Amino acid sequence: MKLSAEPYKVLALKYRPSQFSELVGQDTLVKTLRNAFLSKRVGHAFLLHGDRGVGKTSTARLIAKALNCLEKKEGDVEPCNSCSNCKSIQLGRHVDVIEMDGASKTGVNDIREIIETVVYRAASAKFKVYIIDEVHMLSNSAFNALLKTLEEPPEHVKFIFATTEIKKIPLTILSRVNRFDLKRLEIDILMKHLLEILQREGLKAEKEALKTIAREAAGSVRDALSILDQVLVNCETIIEKQMVNELLGKVSKLEVLSLLELIMQGKTNEALKIVRSFIAGNTSPKLLLQELLECLHFISVSSLMDNELMGDEYSYEEKEFADKLSKSADPVTFTSLWQVLFKGIDELRVASEPITSLEMLLFRACHMSILPSPDVLIKGILDNGTDSKMHVYNLERKSSLKTKEKDEIVTPTESNSKITDLDKPEETADNSAVKEILDIFPGAIVKK
């Protein structure tokens with residue numbers, strides 16, 4: 001029986017960039033590196049900084065290939081990918097390109113091994129290249145041991161560092177390297193990249209399905225390809241949005257916006273039923289809360305009526321729905337609701353029963369959304385009025401808003417009844433109550 005010639009490769013490895021032109025969404029980095037190679041002004045040390053999955057390790061290997069390609073002609077920048085050096089470097093097996101994991105080799109002894117070997121020339125390549133991934137994990141002693149070699153390395157040695165946390169790198173190291181910041185990909189660029197890969201694989205996908213994958217990846221190419229790998233297992237010829245949502249345990253934006261509408265209307269019963277249906281559909285409380293916050297932010301931005309700020313991340317139907325919700329309430333309602341939901345993140349983190357905690361958070365959000373406006377509350381306090389809305393919420397019980405100062409006020413006597421207006425304290429109990437309301441409703445404006 002004839003075995004398969006090639007074992008299965010995950011998409012992230014199968015479509016790893018092999019040339020600078022294949023680096024997606026990193027135009028500034030590619031342009032700078034191209035100019036450096038064309039002008040023969042390639043530095044001796046590089047620091048690649050960026051979030052997970054944006055191409056740091058791939059870029060490091062591309063630099064190593066461009067330095068050591070055997071068939072690259074004068075004036076060429078791209079590695080040939082056909083010579084022995086290019087092939088072995090791409091696979092991470094070249095004897096002169098040493099890749100080290102900074103997370104597992106953090107000590108000064110590990111760095112000392114590098115320092116002792118840099119004096120020897122490369123065995124089969126032009127340059128000996130040291131690639132240290134997660135370099136921020138090195139200890140302070142390890143960084144200090146590397147300083148002298150990094151400042152004046154031998155001519156045949158190049159250092160390439162990769163990190164996700166630039167703030168943990170000592171300034172003495174940053175001053176000795178060429179720093180490059182790899183940015184997260186925008187959704188439309190990532191969608192285009194996924195579509196090109198699907199075309200190579202002979203598959204199709206709904207636009208909304210690709211948009212959902214790109215959103216979930218949060219700008220990471222590797223994360224997007226990993227999700228796509230999972231989806232391809234369950235699809236036949238076309239990737240559908242519903243399948244992607246079920247796989248990721250997500251709900252559609254329209255459904256989340258509908259839930260927010262119920263919360264803003266104070267319809268607790270209906271909102272609670274929808275939340276329980278989402279949870280039953282394999283959506284975690286934490287993920288649902290994140291979706292609510294994201295859509296609430298989208299509604300707030302929608303109220304500004306600026307298409308450029310809204311971008312192309314959302315569909316036409318979602319934008320129309322958000323615009324409708326933004327006109328149904330004022331910004332104070334949005335910011336107050338944001339505070340309630342945002343505080344729920346910490347509550348879910350420590351809760352022994354996250355689902356119960358989410359439901360209680362929902363009760364609070366629904367109640368907050370239909371509270372009287374700050375103007376009504378403040379007017380009732382300052383005028384000692386009996387507004388009907390104040391009665392509904394038992395807000396006539398001013399004792400809850402009174403400060404200790406007011407409780408301690410004694411009955412005026414003849415000796416102190418002659419106090420002039422200038423002698424009265426500026427901060428009264430009413431002012432204190434108004435201040436409390438403004439703290440609850442950030443962004444509210446008191447109309448005089």
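Miscellaneous remarks
- Taken together, Glu74, Glu78 contain a single residue that is outside any helix (DSSP H, G or I), without any contact (Cβ under 8 Å) to a residue 60 or more places away in the chain and surrounded by fewer than 16 Cβ atoms within 10 Å (Cβ to Cβ), which is Glu74.
- Every residue from region 30-65 that is of a type in the set (S, T, N, Q) and either at positive phi or surrounded by 15 or more Cβ atoms within 10 Å (Cβ to Cβ) (or both): Thr57, Ser58, Thr59
- Assessment of region 116-128 against the conditions (of a type in the set (S, T, N, Q) and more than 26 Å from Leu182 (Cα to Cα)) yields at least one matching residue.
- Filtered by the rule that a residue be of a type outside the set (Lys, Arg), in a strand (DSSP E or B) and surrounded by 15 or more Cβ atoms within 10 Å (Cβ to Cβ), region 153-207 gives Val157, Phe159, Ile160, Phe161, Ala162, Thr163, Asn178, Phe180, Ala205.
- Close contacts from region 125-153, counting a first residue that is touching a residue at least 24 places away in the same chain (Cβ under 8 Å) and farther than 14 Å from Ile111 by Cα and a second that is polar (S, T, N, Q) and in a helix (DSSP H, G or I), with Cβ to Cβ under 7 Å and a gap of 6+ residues or different chains, come to Ala125/Asn68; Ala125/Asn85; Lys126/Asn68; Phe127/Asn68.
- Total residues in region 205-230 satisfying the condition of being among the hydrophobic types (A, V, I, L, M, F, W, C), out of contact with any helix residue (DSSP H, G or I) (no Cβ under 6 Å at 6 or more places or on another chain) and without any contact (Cβ under 8 Å) to a residue 24 or more places away in the chain: the figure is 0.
- Scan region 351-366 for residues that are loosely packed, with under 15 Cβ neighbours inside 10 Å and small (Gly, Ala, Ser) and the total you get is 1.
- Per the listing Ser124, Ser141, the residue uniquely surrounded by 12 or more Cβ atoms within 10 Å (Cβ to Cβ), assigned by TED's automatic domain parsing to the domain that holds Val24, among the hydroxyl-bearing types (Ser, Thr, Tyr) and in a helix (DSSP H, G or I) is Ser141.
- Selection within region 288-337 - assigned to a helix (DSSP H, G or I), under 15 Å from Gln265 (Cα atoms), touching a residue at least 40 places away in the same chain (Cβ under 8 Å) and among the polar types (S, T, N, Q): Thr333, Ser336
- Just one residue in the set Lys56, Lys31 is out of contact with any Cys (no Cβ under 7 Å at 6 or more places or on another chain), modelled with pLDDT of 90 or more and closer than 19 Å to Lys14 by Cα; that residue is Lys56.
- Lys72 vs. criteria under 17 Å from Val129 (Cβ atoms) and either in contact with a His (Cβ under 6 Å, 6 or more places away or on another chain) or assigned by TED's automatic domain parsing to the domain that holds Thr149 (or both): yes
- Yes/no for Glu216 being part of a helix (DSSP H, G or I), closer than 28 Å to Leu348 by Cα, charged (D, E, K, R) and modelled with pLDDT under 90: yes
- Glu113 being at pLDDT 90 or above, surrounded by fewer than 17 Cβ atoms within 10 Å (Cβ to Cβ) and more than 20 Å from Lys168 (Cα to Cα): no
- Restricting the search to helices (runs of 4 or more DSSP H) fully inside region 227-287 and requiring at least 2 residues that are among the β-branched types (Val, Ile, Thr), surrounded by 14 or more Cβ atoms within 10 Å (Cβ to Cβ) and over 22 Å from the mean Cα position of the chain (by Cα) gives 268-280.
The values are calculated or read from the model by the stated rules, or taken from the named source; none is laboratory data. Here the structure is a predicted model, which means the values were calculated and not measured. When we count neighbours, we look across all protein chains shown, and the Cβ atoms used for this are built from the backbone with ideal geometry, even at glycine.
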